[in-house]
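Q: Pasting a structure below so you can have a look.
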Amino acid sequence: MSALLEVDGLNVRFPALGGLHPVRDVSFSLAAGETLGIVGESGCGKSLTALALMGLLPPGAERDAGRLAFQGQHLERISDRAMADLRGRRMAMIFQEPMTSLNPAYTIGNQLAETYLRHMRASRRAARERSAEALDLVGLSAAGERLAQYPHQLSGGMRQRVMIAMALICRPDLLIADEPTTALDVTIQLEILHLLARLQRELGMALVLITHDLGIVARVTERVSVMYAGQIVETGPTRSVFDQPAHPYTRALLDCIPVPGRTALGAPLGAIPGTVPALVGDLGGCHFRGRCAQAQAACAPAPIPLHTAEPGRAVRCLLSSGWKSAPSSTALASVVEAEPAIGAPVLSAVRLSCSYRLRAGLFRYGRTLHAVDGVDLELLKGEVLGVVGESGCGKTTLARMLLGILPPTGGEVRLDGQLLDGLRRRDVARRVQAVFQDPYGSLNPRKTIGAIIGLPLAVHGIGDAVSRRQRVLEMMERVGLPGRLAARMPAQLSGGQRQRVAIARALVMQPDVVVCDEPTSALDVSVQAQILNLLQELRRVFGLTYLLISHNLAVVAHMATRVAVMYLGRVVEEGPTADVFAAPRHPYTQALLASVLTPEPGLAIPEPRLRGSVPEAARGQAGCAFHPRCPAAMPVCRERTPRVVADGLARVACHLHAPTE
Amino acid sequence: MSASVPDIEGEPARNQGPVARARQHPVLLVGIALFTVIALAALLAPVLAPHDPYAQDFTQRRVPPVWYAWLYGSPKASWLHPLGADNLGRDYLSRLLYGTRLSLLIGLAVMTASGLIGSTLGIAAGYFGGRVDLAVNLLLTTRLSIPLVLVALAVVSLFGGSIGIIVAVLGLLLWDRFAVVLRSVTMQVSRQDFVAAARVIGCSTPYILLREILPNILAPLIVVATVEMALAVLLEAALSFLGLGVQPPEPSLGLMLAEGKNDMFFDAWMITIPGVVLFVLVLAINLIGDGIRDLMALDRTT
C-alpha cells in the first residue's frame with residue numbers, strides 16, 4: 001500500500017511570538033482512500049497541522065519537516081506556484097465557518113467555475129457544467145438555478161454543501177475537513193457527515209477529518225490520531241483506540257463526555273484538572289504530565305517518543321506498556337449527596353410570548369417574528385429543567401424573559417405565584433440569577449475578578465467592605481478558584497476559570513434559581529466536564545434549582561431531571577428526562593435524539609430524518625410549525641395547531657399523539 | 001516536580017500599570033511633554049510675560065526677534081523683545097503667551113461642552129435604541145446638514161465675537177462626532193453578556209451606564225475628545241483670522257496670524273511664530289490622543 005501522504009517530524013513555529021511552537025514532531029501517513037481523524041481540544045495544533053500540509057500557514061509561521069510528501073512529491077521543496085496548483089486540484093480543504101468562507105459579492109456559480117478554471121484548461125461553458133454537476137453531487141436540488149444564487153440566499157447547511165462542492169470540483173485525491181460541522185445544528189450536521197462519508201466512498205478520496213468531537217471521529221473515520229499540546233499522543237485504528245485507549249489523555253477525554261444512556265444521571269464526569277500548557281519553548285518530557293493522574297517522576301525529564309505498541313498503533317506514554325486497566329473513570333470519589341427534593345413551582349411561564357416586528361420597507365409589509373410563541377412551562381423547586389432545541393428556537397429569548405430582563409409581549413412570568421412585573425428588580429435578583437454562555441463577554445473586562453464577584457453584594461448593600469471581601473473569597477474557594485486571582489482582570493483567566501467566576505457571581509447572593517444559558521458550549525470537553533461537575537456539586541450543597549438551556553443533548557441528558565424540547569418558539573415535548581430520552585413522542589424530539597453521535601465506533605452515521613433547515617417564514621402561521629420538515633406529517637398538521645396534551649408522564653404537542661375525539 | 005515544569009495553570013503575567021506602559025510609549029511621551037510646556041507657559045503667562053500684552057510702544061514697532069540681531073545684524077532686535085514686537089509695538093512674546101492661554105481655554109471649554117452634549121446623546125441612543133435612537137439620529141442629521149463655518153460666522157457676526165459666544169457656538173456645533181462614535185461603541189458594548197448579567201444582578205440603569213459601560217467606551221471617548229479639541233483650537237484661530245472670533249485688542253493665535261498677514265512678505269516671523277505654536281499645540285493634542293488610545297487597548301492575547 002503506497003502512502004498518499006507522508007508526514008514525518010512536522011514542526012510549526014512562530015519565532016516572532018516569543019518562541020510559540022504549536023505543532024511539535026507530528027508524524028503520520030495516509031493511504032489513498034483512507035479516512036483519518038485528528039482529534040483534540042482547542043489549541044492542540046490540529047488546525048495548524050492541516051494548514052501546514054496545505055501550505056496555508058499564516059504569516060510569521062515557520063514550517064519544517066523531516067519528510068512531507070504528497071503522492072511522492074516533496075512538498076517542502078516545490079515552489080509556491082506548484083503548491084498553488086496542487087492545492088484545490090489534488091488536495092482540497094473545507095473550513096469550519098460556512099457563513100464567511102464564501103465571498104458574498106459573487107454568485108455560487110461564479111465561485112465554483114473560478115476554482116475549476118484556475119486548475120483545468122476548460123471553457124467557461126464546460127466549467128459551468130462541471131459546477132452544476134458538483135452541486136448535484138453534494139445533493140443540492142435544482143443545481144442549474146442555484147448557480148445564479150448568492151451566498152446570502154442559502155442556509156448554513158447549504159453553504160457548507162457549496163463549500164464541499166467547491167473543494168471537490170477538481171476531484172482531489174485528498175480532502176482535509178477542518179471542523180466541517182461545528183457551526184451547524186445537529187440535524188444539519190448529520191446530513192453533512194453523511195454527505196462527506198458518501199462522497200469519500202464514491203470518489204475514493206482520502207479524508208482527513210479534524211474535529212474536537214469524539215462522536216464524529218468514532219462514526220466517520222477508520223483511523224484516529226489524538227493530539228495534545230502540539231503532539232500526537234496516540235494513533236491507531238479508531239475502534240481499538242476507542243475501545244482500549246492506551247494514553248491517559250485519550251482515556252480521560254473519553255471519560256469527560258456525557259453519553260446518554262451510559263453515564264449515570266448527575267454522576268460526576270471524569271474531568272481533567274487544569275488547562276493545556278502554553279506551547280512556548282521546550283516543555284520537556286510528557287506534555288500531559290501536569291494533568292495526568294498516573295504521572296511519575298520519569299515522565300518529566302526526557303522527551304517521550306511515539307512508540308509502537310502493536311501493529312498500527314502508537315502511543316506517546318511511558319506507562320502504556322505496563323498500564324492497561326486503570327479504573328475506567330479517573331477515580332472521582334462519587335460521594336453522591338442527597339438529591340434536592342422536588343417541590344412546588346418556583347418560576348412559571350404562562351402563555352409566554354415574545355415577538356418582534358421586522359421593519360417594513362418602502363415596498364415591503366412588516367412581518368412579525370415570533371421568537372417565543374405561547375410557552376407554558378413550570379420550573380419546580382429543586383429540579384434541573386433542561387431546555388433543548390436548535391439555534392433560533394427561542395430558548396435564549398425564553399431565558400431572558402424568565403430572568404425579567406426582556407419584557408414579554410404576551411403572557412406572564414410568575415415567581416412563587418407572584419407576577420414578575422409587580423416585583424422589584426432587586427427582589428427578583430436575590431432569588432433568580434444567571435450564568436451566560438460566553439465566558440469572554442459575560443465579565444466586564446475593566447473590572448477585577450474580586451470586584452465582579454462582589455458586585456451583587458455591593459449593589460444590594462449587603463455587609464461592609466471587609467465582610468464582602470470575605471464572602472467573595474469563600475465563594476471563590478467554593479467554585480475552585482484560588483483567592484490570589486481576585487486581583488486579576490478577566491483577560492488573564494482561561495475560559496474555564498472565567499466561567500467559574502460567572503458561577504461565583506451568580507451564587508454569591510445565595511439565590512434559589514440559576515438560569516444557565518449554554519453554560520459550557522464555548523468550552524472544551526475537558527473543561528466542560530469540570531464545569532458540569534461543579535454545577536452538580538453546587539446544586540446539592542446549596543439546594544439550587546437550575547434552568548439549563550443547551551443545544552447539546554448529551555449535556556442535558558446528563559444534567560437535567562426534566563427536559564423541554566423547543567421548536568420555533570414553542571415547546572413541542574416536555575417530560576422527565578429518562579422518559580423523553582427513552583421513548584421520545586414528538587417526531588422532532590425523535591429526530592433530534594437520533595442525531596446525537598455517541599463515541600461508539602462501528603455504529604454508522606444515522607440516517608438524517610429531516611429535510612431542509614429551520615424555516616423562518618413558518619413562524620406564527622397556522623398548523624404545526626414542524627410539519628414542513630416532519631417525516632410523519634398528515635393533512636391535519638397543516639391546518640390546525642396541535643394542543644399540548646398529557647401523554648403518560650410527559651406532555652406533547654403533536655397530532656400523532658392527540659387524543660381521539 | 002522539577003523547576004523546569006511549565007506552569008500548568010498557564011497564568012499570564014500580571015498586567016503592567018498604565019504609568020509603566022506609558023513609559024514605553026514614545027509618541028505619548030513626546031505629546032505629553034509638548035503639551036505640558038505649552039500649557040505651563042499659558043498658565044503662567046502673567047508671571048512669564050516680560051511686558052503688558054496690550055501696551056503699545058510706537059518706538060518699538062515691528063522690532064524683529066532677537067535672533068535677527070545675530071543672523072542679519074539687525075540693529076533694532078534685542079533681548080528687550082525676545083520675539084520682537086508687532087506693528088503697534090506690543091511685545092510679541094507676551095501676546096503669544098496670553099494668546100495661547102486663550103486658545104487653550106477655548107479648546108478645552110468647547111471640548112467639554114460638545115463632549116457632554118455628544119456623549120450623552122450618543123450613549124443614550126446606543127443603550128436605549130428604538131425611539132431614542134431615532135430621535136438622536138434626527139438631531140444628528142439636522143446638525144450634519146448645517147455648514148459649520150458658515151453658521152459660526154453668521155452667529156458671531158450677529159451677536160459679536162465674545163469668548164462666551166465662540167465657546168457656545170462651537171460647543172453646540174462640534175458634538176456630532178462624539179455622538180456618532182459613542183452611539184456605535186455603546187451599542188456594541190451593551191450587547192455583551194456582562195451588561196445582561198448586571199441587569200440580572202439588579203443594578204440600576206444609571207449604575208450600568210456609568211460603571212459598567214462607560215469604562216469600556218472611555219478609550220474612543222478620549223480619542224474623539226482630543227481630535228475635537230484640536231479642531232476647536234483651529235476653528236477659533238480660523239474665526240479670529242477672519243475677524244469674527246476673538247476681538248482686538250485681545251490676543252489669540254488666530255488673531256495674531258491675521259494681524260501679521262499684512263506684513264508677511266517683509267516680516268515673515270510675524271506669522272511664522274504664532275503659526276508654529278498653533279501647529280505644535282495641535283500636534284501635541286493629537287499625539288496624546290493616539291497614545292491614550294493605544295494604552296487603553298485591552299490585552300486580548302488569551
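Q: What number of residues within the range B:246-302 are within 14 Å of chain A (Cβ to nearest Cβ) and in a helix (DSSP H, G or I)?
A: 2
Q: In this structure, is A:Ala52 in a helix (DSSP H, G or I), among the small types (Gly, Ala, Ser) and free of Cβ contacts under 8 Å to residues at least 24 places away in the same chain?
A: Judged against the criteria, A:Ala52 is not a match.
Q: Within the group A:Val459, A:Val428, which residue is among the aliphatic types (A, V, I, L, M), touching a helix residue (DSSP H, G or I) at 6+ places or on another chain (Cβ under 8 Å) and more than 7 Å from chain B (Cβ to nearest Cβ)?
A: Exactly one of A:Val459, A:Val428 is among the aliphatic types (A, V, I, L, M), touching a helix residue (DSSP H, G or I) at 6+ places or on another chain (Cβ under 8 Å) and more than 7 Å from chain B (Cβ to nearest Cβ), namely A:Val428.
Q: Of all residues in the range B:261-290, which are touching a helix residue (DSSP H, G or I) at 6+ places or on another chain (Cβ under 7 Å), modelled with pLDDT of 85 or more and farther than 30 Å from B:Leu218 by Cα?
A: Matches in the range B:261-290: B:Met270, B:Ile271, B:Ile273, B:Pro274, B:Gly275.
Q: Evaluate the range B:140-148: report whether one residue or more is without any contact (Cβ under 8 Å) to a residue 12 or more places away in the chain, away from every other protein chain (no Cβ under 14 Å) and either in a helix (DSSP H, G or I) or under 15 Å from B:Leu218 (Cα atoms) (or both).
A: Yes, the range B:140-148 contains a residue that is without any contact (Cβ under 8 Å) to a residue 12 or more places away in the chain, away from every other protein chain (no Cβ under 14 Å) and either in a helix (DSSP H, G or I) or under 15 Å from B:Leu218 (Cα atoms) (or both).
Q: Given the conditions (1) in contact (Cβ under 8 Å) with a residue 24 or more places away in the chain; (2) more than 17 Å from A:Gly441 (Cβ to Cβ), which single one is not true for B:Ile217?
A: (2)
Q: If you take the residues in the range A:380-405 that are aliphatic (A, V, I, L, M) and more than 26 Å from the chain's Cα centre (by Cα), which one is modelled with the lowest pLDDT?
A: A:Ile405
Q: Can you go through A:Met166, A:Met120, A:Met158 and tell me which one is within 12 Å of A:Ile192 (Cβ to Cβ) and touching a residue at least 24 places away in the same chain (Cβ under 8 Å)?
A: Checking each option against the conditions leaves just A:Met158.
Q: Quick check: anything in the range B:33-50 over 29 Å from B:Gly164 (Cα atoms) and modelled with pLDDT of 85 or more?
A: Yes, the range B:33-50 has at least one match.
Q: Shifting gears a bit: Do any helices (runs of 4 or more DSSP H) lying entirely in the range A:364-470 carry at least 2 residues that are without any contact (Cβ under 8 Å) to a residue 12 or more places away in the chain, and which ones are they?
A: Once the helices (runs of 4 or more DSSP H) in the range A:364-470 are filtered for at least 2 residues that are without any contact (Cβ under 8 Å) to a residue 12 or more places away in the chain, what remains is A:449-459.
Q: Answer yes or no as to whether A:Arg239 is of a type outside the set (Ser, Thr, Tyr) and within 14 Å of chain B (Cβ to nearest Cβ).
A: no
Q: So the check is Cβ under 7 Å with 6+ separation or different chains; which pairs have a first residue in the range B:152-171 that's closer than 19 Å to B:Met229 by Cα and a second one that's of a type in the set (Gly, Ala, Ser)?
A: Short answer, once both residue conditions are applied: B:Ile166/B:Gly245; B:Val167/B:Ala109; B:Val167/B:Ala113; B:Val169/B:Ala152; B:Leu170/B:Ala152; B:Leu170/B:Ala232; B:Gly171/B:Ala113; B:Gly171/B:Ser114.
Q: Looking only at the range B:72-124, count every residue that is part of a helix (DSSP H, G or I), farther than 23 Å from B:Gly161 by Cβ and touching a Leu at 6+ places or on another chain (Cβ under 6 Å) and tell me the total.
A: 4
Q: Does A:Leu523 fit the bill of being surrounded by 22 or more Cβ atoms within 10 Å (Cβ to Cβ), over 18 Å from B:Glu212 (Cα atoms), assigned by TED's automatic domain parsing to the domain that holds A:Ala560 and touching a strand residue (DSSP E or B) at 6+ places or on another chain (Cβ under 9 Å)?
A: No.
Q: I need a count of the residues in the range A:168-195 that are surrounded by 24 or more Cβ atoms within 10 Å (Cβ to Cβ) and closer than 12 Å to A:Leu137 by Cβ.
A: Here the count works out to 1.
Q: Among the candidates B:Leu153, B:Leu172, single out the residue that is modelled with pLDDT under 90 and touching a helix residue (DSSP H, G or I) at 6+ places or on another chain (Cβ under 9 Å).
A: Testing whether each residue is modelled with pLDDT under 90 and touching a helix residue (DSSP H, G or I) at 6+ places or on another chain (Cβ under 9 Å) leaves just B:Leu153.
Q: If B:Val227 passes every condition in (1) over 15 Å from B:Val110 (Cα atoms); (2) out of contact with any Ser or Thr (no Cβ under 8 Å at 6 or more places or on another chain); (3) touching a residue at least 60 places away in the same chain (Cβ under 8 Å); (4) of a type in the set (A, V, I, L, M, F, W, C) but one, which one does it miss?
A: Evaluating B:Val227 over (1) over 15 Å from B:Val110 (Cα atoms); (2) out of contact with any Ser or Thr (no Cβ under 8 Å at 6 or more places or on another chain); (3) touching a residue at least 60 places away in the same chain (Cβ under 8 Å); (4) of a type in the set (A, V, I, L, M, F, W, C) leaves (1) as the failure.
Q: Only one of (1) touching an Asp or Glu at 6+ places or on another chain (Cβ under 8 Å); (2) without any contact (Cβ under 8 Å) to a residue 40 or more places away in the chain fails for A:Leu135. Which number is that?
A: Status for A:Leu135: all satisfied but (1).
Q: Given the options A:Leu419, A:Leu415, A:Leu379, A:Leu403, name the one that is crowded, with 22+ Cβ neighbours inside 10 Å and away from chain B (no Cβ under 14 Å).
A: Only one candidate passes the filter, namely A:Leu379.
Q: Taking the range A:496-507 as the search range and keeping residues that are more than 9 Å from every other protein chain (Cβ to nearest Cβ) and farther than 12 Å from A:Ala451 by Cα, which one is surrounded by the most Cβ atoms within 10 Å (Cβ to Cβ)?
A: A:Gln499
Q: So in the range A:279-308, with the set limited to residues that are buried (at least 17 other Cβ atoms within 10 Å of the Cβ) and in contact with a strand residue (DSSP E or B) (Cβ under 8 Å, 6 or more places away or on another chain), which one is farthest from the other protein chains (Cβ to nearest Cβ)?
A: The extreme case among them is A:Leu306.
Q: For the range A:503-591, which strands (runs of 3 or more DSSP E) that fit wholly inside it have 3 or more residues that are of a type outside the set (Val, Ile, Thr)?
A: Fully inside the range A:503-591 and qualifying: A:545-550, A:562-567, A:570-576.
The values are calculated or read from the model by the stated rules, or taken from the named source; none is laboratory data. Note that this is a predicted model, so its numbers are computed, not measured. Virtual Cβ from ideal backbone geometry, glycine too; neighbours counted across all protein chains shown.
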